[in-house]
Amino acid sequence: MERLCIPFEIVHPEINEAMRPHEKPHTLVTRLSEEKAYAHSSCYQSHLIIGSDQIAYINDEPSSDSNNLNIFSSSASIKVINPVIIAKPKNKKAAFDQLKLQSGKKVIFLTSVSVLNTSSSEIETNVVATNVIFRTLSEEEINDYLNYETPYDCAGSLKSEGLGIRLLDAVYSSDPTALVGLPLIQLSKMLRSNKYKTH
């Protein structure tokens, strides 16, 4: 947010991030970002409230061919077949298991951003998808990474703005900031549509 040079306040919404039965990745990440935006809306009248969430998933389709990647900004066009959803690990063992599962695979990170205008009660939500190709990782590499970083609140245990970038072969996205957790290109468009001047 500081990169956009606009004033902001951080509030931590206490919502239940558990996935509902049969919930698809796009539906889940959209719901969570909107719930976060609404969580403290009664306390902020005439404000723009931004909620964001991120999940990752492995699609049940061939994913090792990086020449056959779809570059997209919305997951509405993605064919999802039996996705394995990967959320925040919360602890080191879960993080290790996540990274071992993602090793050598294409993982799709969905980052949802919602802008709630409390003056008009209107909310806009967009999802930015990022294709991430993980290298084949040894257990030693995973442990070294987890001993250096503590990515337990990061979807897929990937702290790409830190040492996590060493775990990857490639990243494909319409918004490179989405993988860090807040898609600033998409958010800037949404703020402009709410008549908020961004620099």
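The values are calculated or read from the model by the stated rules, or taken from the named source; none is laboratory data. Not measured: the values here are computed from a predicted model. All Cβ positions, glycine included, derive from the backbone under ideal geometry; neighbour counts span all protein chains shown.
Miscellaneous remarks
- The listed residue being buried (at least 21 other Cβ atoms within 10 Å of the Cβ), touching a residue at least 12 places away in the same chain (Cβ under 8 Å) and part of a strand (DSSP E or B), out of L187, L116: L116
- Flag for H22 being at pLDDT 90 or above and surrounded by fewer than 18 Cβ atoms within 10 Å (Cβ to Cβ): no
- Selected residue (only one of L179, L168, L187 is modelled with pLDDT of 95 or more, closer than 25 Å to I49 by Cα, of a type in the set (A, V, I, L, M, F, W, C) and out of contact with any helix residue (DSSP H, G or I) (no Cβ under 8 Å at 6 or more places or on another chain)): L179
- Screening S42 on (1) under 19 Å from T130 (Cα atoms); (2) at pLDDT below 90; (3) not in a loop (DSSP other than H, G, I, E, B) shows it passes everything except condition (1).
- Annotation note: of I81, I58, I86, the sole residue that is surrounded by fewer than 18 Cβ atoms within 10 Å (Cβ to Cβ), modelled with pLDDT under 95 and at negative phi is I81.
- Residue in region 135-158 that is in contact with an Asp or Glu (Cβ under 7 Å, 6 or more places away or on another chain), touching a residue at least 12 places away in the same chain (Cβ under 8 Å) and either assigned to a loop (DSSP other than H, G, I, E, B) or surrounded by 15 or more Cβ atoms within 10 Å (Cβ to Cβ) (or both) present: yes
- Any hit, region 101-111, residues being at positive phi and either part of a helix (DSSP H, G or I) or surrounded by fewer than 16 Cβ atoms within 10 Å (Cβ to Cβ) (or both): yes
- Looking only at residues of region 105-132 that are in contact with a strand residue (DSSP E or B) (Cβ under 6 Å, 6 or more places away or on another chain) and of a type in the set (G, A, S), we find that the one that is farthest from Y145 (Cα to Cα) is S114.
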